[in-house]
Structure formats: C-alpha cells, structure tokens
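Structure first, then comments.
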C-alpha cells in the first residue's frame, strides 16, 4: 500500500497561516513526522489564489526538501504552479492531478509527459463528478485514452474514483468501491487511489468511518491513499486488512510493525 501524507494542505487553517507567514518550522515539522511515519509521498498543496500559488508552492517544496528526502506529490490544478514547482523537486514527483475536464487535461498532461511523472487521474468530467460508478468509469476510460496516446504507461496512472462524503450520500463508499473494481478489471496495471478522509467529512468520530472505508476499499482494489500517516489506529487497520486479504507474506509487515511499536493490542 502506497501512502500519500495528507497534512501539508493549504485548506487546513494552520497550514494556510504558515504559508502566509512563511513559517518554515511548522511546515518542516509536518514533513518530518509524516516522513518518519513511512509516507511514500508527501502531498504538497498550497491552496492559495492562482496568482500566488506558483510562489507559494515553490516555497513549500523548498522548505520541505530542506529537511526530508521523501518524494513529493504536487497537488494543484494550476499548470503554472506545477510547472514552477516541478523544476526544483529533487525527485520525480507524483502529479495530483488530471481529470476528464479538457482544460485541466490539456494543461497538466504535457507536464506529466515532459517530466515522466506518475499522475493521479480523477473520475471527474467537465460536468462535474458523475453520480454512478458506470459514468465514472466512462470518464476514466476517456482519460486513459489520453494518457495512452501521450505514451504514459498504465502503471504510472493512479485512478481516483473520488470518495465523496457519506453525509450527503450514504451510497458514496459503495459507488467508489464499485468504480475501482470495474477499473481494476478493465485496466489491471493502473493503480487505484483515494482521498480517504473525504468519505467522513461532516460526520462525528470520523476516524471510525475512515477505518471501515479503508478496509472495504482495500478489498475492492485500492493500493494507494491520501491519508493521515500519523493516525496510529488507521495504520493498524491498514496492516491488519492487508494481512487478512493475503497481501502480507508470512505476516511479516504486521509483526514487524507491532514489534516496532506502530500499534499496541487492546488490554
């Protein structure tokens, strides 16, 4: 399971304040903790006005790379911000994201090709996010036609079926899981990603919902997620679910994590 650490995101109040004030210490603290927790990538999202975003994203990348060497996920729909940041990354980044929206696809895809980046592909078209799994699969089919035509191998594409909050549609998790099952069947080499915490937005005790969703999504074919790597219970759920699903040879990952103190048993 590949983990994208979610915490450096300008939509979070403290991160937004740190960006405005250029508080490198706070951003670096988040970067170190997520890297130490085993993140595959660190998500980097400035979340600022398009005119400011290139400078803000470049500052974030420079600030983070000064203290950790974990690869970065450049999270923006702004081609100008991505183009500025991608020039200073130390390692090939993951690009988050392209979609079925023509403007976004045409603006970001050339950067993905030029720099040989893996890329997250959202199941979203120019009319927004489809309500059904079948319609989301249709969007992904069109996006993959474009990535293949551009010479991007399927294994560099991370399909995000878009987990929407259950508080507005209690079928959101079902739609998500149905979508990635269909994508997996049609395109076995692609990866499947989720913005995990979106599923519980607006609900109380969100961590319980996130854990349940993670387990079901893993069974449906999820192999990457944007999540909080500092949530010990969530990490324990991930390790246990992969073990139960037969993805942990000889139980090694589970046992090693236990011995390392990643999680502890109930009394």
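Taken over region 54-108, the residue count meeting the criterion of being in a strand (DSSP E or B) and either at pLDDT below 95 or under 17 Å from residue 160 (Cβ atoms) (or both) is 8.
In the set 208, 201, only one residue is surrounded by fewer than 16 Cβ atoms within 10 Å (Cβ to Cβ) and over 22 Å from residue 75 (Cβ atoms); that residue is 208. Here residue 173 clears all of (1) touching a helix residue (DSSP H, G or I) at 6+ places or on another chain (Cβ under 7 Å); (2) over 26 Å from residue 208 (Cα atoms); (3) surrounded by 13 or more Cβ atoms within 10 Å (Cβ to Cβ) except the condition numbered (2). Select from region 178-187 the residues that are in contact (Cβ under 8 Å) with a residue 24 or more places away in the chain and surrounded by fewer than 23 Cβ atoms within 10 Å (Cβ to Cβ) and list them in ascending order. Once the filter is applied, which keeps residues that are in contact (Cβ under 8 Å) with a residue 24 or more places away in the chain and surrounded by fewer than 23 Cβ atoms within 10 Å (Cβ to Cβ), region 178-187 yields 178, 181, 182, 184, 186, 187. Scanning region 145-166 for residues that are more than 23 Å from residue 41 (Cα to Cα) and surrounded by 14 or more Cβ atoms within 10 Å (Cβ to Cβ) gives 146, 165, 166. Taking the residues in region 4-53 that are part of a helix (DSSP H, G or I) and touching a residue at least 60 places away in the same chain (Cβ under 8 Å) as candidates, determine which candidate is surrounded by the most Cβ atoms within 10 Å (Cβ to Cβ). Looking at the filtered set, the residue picked out is 34. Determine whether region 162-170 contains at least one residue that is assigned by TED's automatic domain parsing to the domain that holds residue 124, touching a strand residue (DSSP E or B) at 6+ places or on another chain (Cβ under 7 Å) and closer than 21 Å to residue 119 by Cα. Yes, the conditions are met somewhere in region 162-170.
The values are calculated or read from the model by the stated rules, or taken from the named source; none is laboratory data. Owing to the predicted nature of the structure, the values given are computational and were not obtained by experimental measurement. Quick reminder, even Gly has a Cβ in these numbers, built from the backbone with ideal geometry, and neighbours come from all protein chains shown.
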